[in-house]
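One structure is given below, represented as structure tokens, and several questions about it will come after.
All of the numbers you see were taken from the coordinates with simple rules; none came from a lab. Bear in mind that the values here come from a model prediction, so they are computed numbers and not experimental data. Reconstructed Cβ throughout: ideal geometry from the backbone, glycine too, with neighbour counts over all protein chains shown.
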């Protein structure tokens, strides 16, 4: 954004720890559960408080028909861009064979819905490269990109346009409360082998599980200092030839390094400082999680999981954006020669 410095300040660690302790003292580690969706006024207050809320009773009737066969028939042979990794960690810090750690982006492979579901339900089946783990996780609005909400949109490059009739373009009580349309709407399909590494997003996130379940490990923005972010060189998984195993390929030096948490497994005991206060929320099929902007989240899933999310931009003119950036202001070290935690 114009007028914003690209450099984060170096905030004294004792200041960050005081902010963290003060916030926890005021809020504790609880989260609210609503038995029915909030009104726009109620949701506006929820966003103002900016703490996660598990919402029950938000029913999207058309999702009830989303059997495997329905998804296969509806999507037909339309190709999907699916993330493929050898370890289930896409967009995550990974050790390479050269002994260094990289921020690794997945290899993207075109699959039909039939091939994707077959590979997830039978990982060793013929549709799967041996050892590959697939996750439909494209985050550019694979159902509704931002261009959909501007005049003149057609498909907007949307891979899942065939499913738009089943998924509302926005969440009414959220759009009315925030006074804006979503920036992107995404579909996620994967299984328990795919794990989302801990990170935060500058969006108000409405996350609805349609099948399976998701377990979120959450930390508030006030505990950003716990995540020990580092600068990691960029790399991408790729193949030497069609059908060969995935290998991590370091990117050219012209690609800038990526700032990412060095806590690889925050769910494991001892990975986070004792003074941190993670919140664990399991979201079952038919339930919806409000995940506030800036909250750190690490996500695991059970069985074959299908989920939707609506990303709403935060208001950049208020203090929230500056506050979130300040809380990440601890000095960041280069990853070279350091051991990753967790």
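Go ahead and set up a Gaussian network model of the chain, Cα springs under 10 Å, then flag whichever of 183, 98, 68 fluctuates most.
Answer for the Gaussian network model of the chain: 98.
Could you state the principal axis extents of the C-alpha atoms in the stretch 42-117, from the largest down, to the nearest angstrom?
52, 41, 15
So what is the 222 nm mean residue ellipticity for the chain from helices alone, if each DSSP H run of at least 4 adds -39500 (n - 2.57) and you divide by all residues, rounding to the nearest 500 deg cm²/dmol?
Values: 6 runs with 57 residues, N = 342.
Mean residue ellipticity at 222 nm (helix-derived): -5000 deg cm²/dmol.
Taking the Cα centre of each part, how many Å lie between the stretch 90-118 and the stretch 158-185?
If you average the Cα positions of each part, the centres end up 28 Å apart.
Which whole-number percent gives the relative contact order of the chain, counting Cα pairs below 8 Å spaced six or more residues apart? Don't skip to the end; give the middle numbers.
On the way: 712 pairs, mean separation 87.8, N = 342.
Worked out over the chain, it gives 26 percent.
Another one. Name the shape class, rounded, prolate or oblate, that the alpha-carbon gyration tensor gives for the stretch 15-172, where a ≥ b ≥ c are the square roots of its eigenvalues, rounded holds for a/c under 1.5, and otherwise prolate holds if a/b is larger than b/c and oblate otherwise. Show your work: numbers first, answer last.
Details: a/c = 2.00, a/b = 1.22, b/c = 1.64.
Note, shape of the stretch 15-172 comes out oblate.
What nm value, rounded to one decimal, do you get for the distance between residue 73 and residue 45 when each label is placed 7 Å out toward the C-beta?
For the pair residue 73/residue 45, the computed spacing is 4.5 nm.
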